[in-house]
Amino acid sequence: MLSAFAAPDAAAIPVHAVTSEGLDAKLAELGAAAAWAKASAFAADEGAILLLPDADGRLAAVLFGLGREGAARPPLFAGKLATGLPAGTYRLEGWPGGMAEAVLGFALGAYRFERYLKPRAEAPRLVLPEGETAAEAARIAAAVWMVRDLVNTPANDLGPAELAAAARELAAAHGAVFEEYFGDDLLAREFPLIEAVGRGSPRPPRLVTFTWGRPDAPKLSLVGKGVVFDTGGLDIKGASNMALMKKDMGGAANVLGLARLIMEAGLDLRLRVVLPIVENAVSGLSFRPGDVFPSRKGLSVQIGDTDAEGRLILADALAFADAEAPDLLVDLATLTGAARVALGPDIPPFYTRDDAFAADLAEASRAAGDPLWRLPLWAPYEEGLKSKIADLNNIAPGGFAGSITAALFLGRFVERAKTWMHADIYAWVPAARPGQPEGGEAQAIRALYRYLKDRFGRTGA
């Protein structure tokens, strides 16, 4: 159980969520607390917290303001409680959006990355309400914590071997069949683009993959970009653009988080996870602008920019996953700055050719409070990926529609999957807000899990 939660405790302090319109009725119900609330000018404004003392001055209850009836609130609004309450054990006395919503918001707001810090003082903890929906919310929160931990860990402690080990540990915990190829074996196994991108680092590149679920279940393949640090290669980034590049493995981290949710829930799927893992470093062995490499699919690729390395390693990984003709092939990647320019850090764009899937995923995104926005695979832009000496270039000239052209590049390596979806995620929260501390973040996986759970259900395992 996450440290955000506490075992059932009769002495837990009740937290009453109350709207502005419902405040008077709540105060009448609480009796003596009414005078204290009025003296404190508490009006149940959105996010306001009022600590109610008993006759001896001890904390007896909490009022948490929801604002006006019907007002739109962030999906993780309960995260304010995790940062606004004093240390202690609390229980929720109802929640307008349902207990699962409150549990998830509180747990995600309680997250802290403290690997390199002294342990913090006691923090508020929430008694986990009874019921499967609350337990499910706690499982989702635990998967998000795992993703955040991976993304937040700096590259000196999370290199290719360590990220592969995290995947191996997750696979072993659920009885999945795990394989790993690295170094020169990548060429023998026909992953030339992964080897080319990772060859400049003393830490060998690798591809890890694992499978789980009954063989004849619907096939789901998840591919995640695992660049543990991105210098940009010989087209080296400036210092300001390199500062956050420990998060360039955010796609792989999020795929592991989604895989964990699928396996814990026992969804009726044949799951394959594929993670190409590299460090894009600078050395005499680094791949160069202008180089041409073969790909697993057989297409030759000219290197227009060594800082567009993510799409290269994904190309080989997608071709590998696509060979099994999955019913759904999903890739997640911190791929382009263009996506952030278009939609900002909060809303990842996603791409697919399947309109029905796109509509269902958009609905799941809204229901899960995990925003996504579809952008078009505008075929005319593919013209910019042409090369005079190879089948295609890894970038298009001019800088326009960078996220779209990256998606179009990836699409060249997918042909057998029934449905393919690419999400260009940021995997980072630049400024803290309810339920989302600053730092590494899970994006798209709560929406995808909601979609998959609704569609495929459980195996009964």
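Name the helices (runs of 4 or more DSSP H) wholly within segment 71-176 that hold at least 1 residues that are of a type in the set (A, V, I, L, M, F, W, C) and free of Cβ contacts under 8 Å to residues at least 40 places away in the same chain?
The helices (runs of 4 or more DSSP H) meeting that bar are 99-109, 132-152, 160-173.
Which numbered condition in (1) touching a residue at least 24 places away in the same chain (Cβ under 8 Å); (2) surrounded by fewer than 16 Cβ atoms within 10 Å (Cβ to Cβ) is the only one that Ile13 fails?
(2)
Name every residue in segment 366-395 that is touching a Phe, Trp or Tyr at 6+ places or on another chain (Cβ under 9 Å), without any contact (Cβ under 8 Å) to a residue 40 or more places away in the chain and closer than 20 Å to Ser295 by Cα, in order of residue number.
Selection gives Glu382, Gly384, Leu385.
Given the conditions (1) out of contact with any strand residue (DSSP E or B) (no Cβ under 7 Å at 6 or more places or on another chain); (2) buried (at least 19 other Cβ atoms within 10 Å of the Cβ); (3) in a helix (DSSP H, G or I), report the number of the one that Ala396 does not fulfil.
(3) is the only condition that Ala396 fails.
So which of Asp56, Asp24, Asp9 is in contact with a strand residue (DSSP E or B) (Cβ under 8 Å, 6 or more places away or on another chain), modelled with pLDDT under 95 and either farther than 24 Å from Ala431 by Cβ or not in a loop (DSSP other than H, G, I, E, B) (or both)?
Result: Asp9 is the single residue among Asp56, Asp24, Asp9 that is in contact with a strand residue (DSSP E or B) (Cβ under 8 Å, 6 or more places away or on another chain), modelled with pLDDT under 95 and either farther than 24 Å from Ala431 by Cβ or not in a loop (DSSP other than H, G, I, E, B) (or both).
Filter segment 260-280 down to the residues that are over 20 Å from Ala325 (Cβ atoms), in contact with a strand residue (DSSP E or B) (Cβ under 8 Å, 6 or more places away or on another chain) and surrounded by fewer than 21 Cβ atoms within 10 Å (Cβ to Cβ) and list them by number.
Scanning segment 260-280 gives Ala265, Gly266.
Is at least one residue of segment 452-461 surrounded by fewer than 21 Cβ atoms within 10 Å (Cβ to Cβ), in contact with a strand residue (DSSP E or B) (Cβ under 9 Å, 6 or more places away or on another chain), among the hydroxyl-bearing types (Ser, Thr, Tyr) and outside any strand (DSSP E or B)?
yes
Do you know which of the residues in segment 325-347 that are touching a Phe, Trp or Tyr at 6+ places or on another chain (Cβ under 7 Å) and not hydroxyl-bearing (Ser, Thr, Tyr) is farthest from Ala442 (Cα to Cα)?
Restricting to residues being touching a Phe, Trp or Tyr at 6+ places or on another chain (Cβ under 7 Å) and not hydroxyl-bearing (Ser, Thr, Tyr), the top hit is Leu329.
Looking at (1) part of a helix (DSSP H, G or I); (2) under 30 Å from Ala364 (Cα atoms); (3) of a type outside the set (S, T, N, Q), find the lone condition where Gly47 falls short.
Of everything listed in (1) part of a helix (DSSP H, G or I); (2) under 30 Å from Ala364 (Cα atoms); (3) of a type outside the set (S, T, N, Q), Gly47 misses just condition (1).
Please enumerate the residues belonging to segment 203-222 that are farther than 18 Å from Tyr181 by Cβ and either surrounded by fewer than 18 Cβ atoms within 10 Å (Cβ to Cβ) or in contact with an Asp or Glu (Cβ under 9 Å, 6 or more places away or on another chain) (or both).
Listed by number, the residues that qualify are Gly213, Arg214, Pro215, Asp216, Ala217, Pro218, Lys219, Leu220.
Determine which member of the set Leu329, Leu312 is surrounded by 23 or more Cβ atoms within 10 Å (Cβ to Cβ) and either outside any helix (DSSP H, G or I) or under 19 Å from the mean Cα position of the chain (by Cα) (or both).
Step by step, each of Leu329, Leu312 is checked, and only Leu329 is surrounded by 23 or more Cβ atoms within 10 Å (Cβ to Cβ) and either outside any helix (DSSP H, G or I) or under 19 Å from the mean Cα position of the chain (by Cα) (or both).
The values are calculated or read from the model by the stated rules, or taken from the named source; none is laboratory data. Being a predicted model, the structure only gives us computed values, none of them experimental. Glycine also receives a Cβ, built like all others from the backbone with ideal geometry; neighbour counts cover every protein chain displayed.
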